[in-house]
Amino acid sequence: MKKLTFLLLSTLLTGACKQQVEPYGPLPTADQVALQDMEMYAFLHYSLNTYTDQEWGFGNEDPTLFNPDQLDARQWVRTCKDAGMKGIIFTAKHHCGFCMWPSAYTEYSVKNSPWKEGKGDVVRELADACREYGLKFAVYLSPWDRNHPQYGQPEYVTYFRNQLRELLTNYGDVFEVWFDGANGGDGWYGGANETRHIDRLTYYQWSETYRMIRELQPHCVIWNDGADLRGDLRWVGTEAGNIGQVNWSKMNSTGDVEWSHLHYGVEDGDVWVPGETNTSIRPGWFYHSTEDNHVKSLSKLMDTYYKSVGRNSTLLLNFPIMPNGLISPIDSARGVAFSHMIHQIFDHNLAEGIEPQVDGDTIYTLQWKQPQTFNRFLVGEDIRLGQRVKRFRLEALIDGQWQPLQDALADWGDGLETIGRKRIICFPEVTATQLRLTITDTKAVPVIQQIGVYLAPALTMDLPDSGEKFSSLLNIAMVGSNDRPSRSIMIDLEKDRQVKGIRYLPPQEQGAEGIITRYAFSIMVNGQWQKVAEGEFSNIVNNPIWQTIYIPATSTKLLRLDALAINQGERAQYDDIEVIYE
Ligand code: FUL
C-alpha cells in the first residue's frame, strides 16, 4: 500500500509516477486545455432581433430599429464576471446579417443606425470592457446570412472571410470563434425573398478559413458544428444545458458525425474535441419581455452546472441584452446567485489535507478521524496525458459498512462512467468515515489529478410573494421509482417536513418528449402512499411553464409524482422540480 502526499490541483494523485506515464490516445492542445480550464463563459445575444422580438431575423429588418438608450458593455462584463464567467462570446453577426460593428463590407450594420449617430461599434465597446475587467473576448459570426444578396454563391464566402478578418484583426485577442450550424434556407437575400440551399460541408470551404484563423489568432479555438473539418470544440447536440453522463473528449477526424458523437464523444476517437454545453439563462437566446418570469431557477442552473462542468464539458451560458442595451437585473441577480452557490459548495473541500491511500493505481481511499457529512464527489484526470478512465465505483464507509454511491443525476445506471477533466457526482447526504474511489475499467494507467468531497447546502429560499420555503430537487435525495421507473418521479426529503405542495417544470426544449400532462401526486404517511392530488396540467405542451400543486400541509418525507399521461414518449421528464414546505 503506497501513501502519497495529497496536494489538491498541484500534484498528481496517481500511484504511478508522472514521468513514467505515457500519454494515451489523442491529446489536447495547450489552447484546448486553457479553454477547458475556463470552465464557464458567457454568450451575449444581441441584434435587431432584440427590437423585433424574434429569435431569427429574416434579413430585411430596418437597421434604424437599433437605438438603445443605455447601452453599457461594461455592465454586461461586470454581470458576467459576477456570474463566474471567464470570457464572453458576442453575436457580432446573427443569421439576419446585421453587423454589430461598422464592417467595411456592408451597409447593413450599426453604421446605419441612429445609435451614436452611426459612429458606434458594439464589438469595440465589448472588447474594451472585457480587457478592462480581465475577461476574455470572443465572437459569434453566423455563416448563414439572410441579408446578403450573394449568399449561396462563392462571392459570399469571400465576404464572410473578409468580415472574419476584420473581427480577428481589429479587436485584440479572440479566444474562440463560433460558427453556428443553422442554415435554414429562406431569407431576404437582398430582396430576392427566396429559399437558398447550400451544402454545409463544402460551401464554406472551411479549411481555408481555419488556415486564416490560425494565422491571425494562433491561440483562438474554433467551434463549428457544420463543417467537414472538425473544430477544436464540439456542440453537445442539445441547447437544453446538458452533455452525456458518458463524455469522451474525442471524435473521429473523418466520417459522419452522429448525434451520439456530439453528446457522448467517441471512446476511441482519433482527435481531441471536447464538448461545450451551450444554453440560455432564459428559454430564448434573444431577449423577450414575456420571458421575464421564465429565467432559469438557481436549482436549474446548478443542474446545468453539474451536467456540463461536472461532466467534463465547459458551460457557455447565454445572457440576452434588453432593448435598452443592458442585461436584465433578473438575469444578473440569478447569475450572481449561481456563482455564489458554486463557491459556497466547492470552496470547502473536505478532502483537503487528507492523505489518500492509493492501492495499485486504481483504488483511492480517503479516511477521516471524525465522520464527515457530504453529498458531492469531484474527481479529475490530468487530460494533458489523454482521457483514460472508462468506469469507476464510489463507496462510503457508513456505520462500518461500505455502501455504494450513485450519481443521482444519471440518466441511466449508476452514472459512474468516464471522468475527464472534471467529474462531479451528486448523491443524497451521507455521513461516513471513509470514501473509496475504485477505477474498474481504464484505457491506460489512470492519472488522477484531483479529488474533492463537498457538502452542498439545501437550496432553501423564499418563494416570491408567499413567504413559503421550497427545496430544490437537486439538494434533496432523488431516487428512481420502484414499480414504474419511467413514469414516476420519487423524492426523498430525508427528514419529515410539513409539505404544502410540489412544483414541476417540464422539459423546455422545442418538441420535448416526456411532458406530464395528467398527474397524480402522492405522499407517504405512516408507511402508506396516499394520493393527495390528481389532475391535468392545462396547456402545458404549448406553454411549458412551472406548474404548482398545492395540498393541505402534511408531514411527510417521501413524495411521488406519477405521470398519468405524457405528451409523447414513455418516460416522464422534467427540467426542474421543487418541493414546497413550511
Ligand atoms: C442556434 C441559433 O440558430 C440560435 O439563434 C442561437 O444563436 C444558438 C446559440 O445557436 O443554432
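The values are calculated or read from the model by the stated rules, or taken from the named source; none is laboratory data. Since the model is a prediction, treat every value here as computed from it, not as a measurement. Cβ atoms come from the backbone with ideal geometry, glycine included; neighbour counts cover every protein chain shown. Each accessible area value is taken on the protein alone, full model and side chains, heavy atoms only, with ligands, DNA and RNA left out. Shrake-Rupley method; radii C 1.70, N 1.55, O 1.52, S 1.80 Å.
Observations, loosely collected:
- Calculated from backbone phi, Karplus (6.51, -1.76, 1.60) coupling profile of the stretch 231-247 in Hz, x at Gly/Pro: x, 8, 9, 10, 5, 9, x, 7, 9, 7, x, 7, 10, x, 5, 9, 8
- When R384, R200 are compared by accessible area of protein heavy atoms, the largest-first order is R384, R200, using a 1.4 Å probe.
- Gap separating the Cα centres of the stretch 264-286 and the stretch 545-582, nearest whole Å: 29
- D (Stokes-Einstein, µm²/s), Kirkwood Cα radius, the stretch 8-143, 1.306 mPa s at 10 °C: 92
- Viscosity 1.002 mPa s, 20 °C: Kirkwood-radius Stokes-Einstein D of the stretch 300-345 over Cα pairs, µm²/s: 183
- Normalised by residue count, the stretch 511-582 yields a Cα convex hull volume of 95 Å³ per residue.
- Solvent-accessible surface (1.4 angstrom probe) belonging to E509, in square angstrom, nearest 10: 90
- Antiparallel bridge percentage (DSSP; both residues within the chain; nearest 5): 75
- Largest-first ordering by accessible area, 1.4 Å probe, given options L201, L397: L201, L397
- Computed magnitude of the charge dipole of the stretch 113-263 (debye, nearest 20; Cβ of K, R +1, Cβ of D, E -1): 240
- Size of the chain as Cα extents on the principal axes (Å, biggest first): 72, 63, 42
- Size-normalised alpha-carbon gyration radius of the stretch 370-428, reference 2.2 N^0.38 Å: 1.23
- Listed residue (A227, Y287, T556) projecting farthest to the positive dipole end of the chain, Cβ model: T556
- Each stretch of four or more DSSP H residues adds -39500 (n - 2.57); spread over every residue of the chain, this sum gives -5000 deg cm²/dmol at 222 nm.
- DSSP beta bridges confined to the stretch 30-346 are antiparallel in about 15 percent of cases.
- For R196, the solvent-accessible surface with a 1.4 Å probe is about 40 Å², rounded to the nearest 10.
- The stretch 268-319 pair-distance distribution - Cα-Cα, 10 Å bins, rounded %: 24, 43, 22, 9, 2
- Rounded to the nearest 20 debye, the dipole magnitude of the chain is 1160 debye, with +1 charges on Lys and Arg beta carbons, -1 on Asp and Glu beta carbons, and the Cα centre as origin.
- Taken over the stretch 299-389, the percentage of Cα pairs per 10 Å bin, counting from 0 up to the bin with the maximum distance, is 11, 32, 31, 16, 7, 2, 0.
- Kirkwood-type radius of the stretch 30-346, with distances r between different C-alpha atoms, in Å: 19.7
- Hydrodynamic analysis of the stretch 348-454 uses the Kirkwood radius over alpha carbon pairs. Inserted into Stokes-Einstein at 20 °C and 1.002 mPa s, it gives a translational diffusion coefficient of 154 µm²/s.
- Computed on protein heavy atoms with a 1.4 Å probe, the accessible areas place K116, K557 in the order K116, K557, largest first.
- The mean sequence separation of alpha-carbon pairs under 8 Å and at least six residues apart, normalised by the residue count of the chain, gives a relative contact order of 14 percent.
- Lys/Arg +1, Asp/Glu -1 at C-beta; the chain dipole; positive extreme among A351, Y204, G452: A351
- Alpha-carbon spread of the stretch 210-275, three principal axes, descending order, Å: 36, 25, 18
- For R518, solvent-accessible area (1.4 Å; no DNA, RNA or ligand), Å²: 90
- Volume per residue of the C-alpha convex hull in the stretch 127-274, rounded to whole Å³: 135
- Cα-Cα pairs of the stretch 198-318 separated by more than 19 Å (percent): 54
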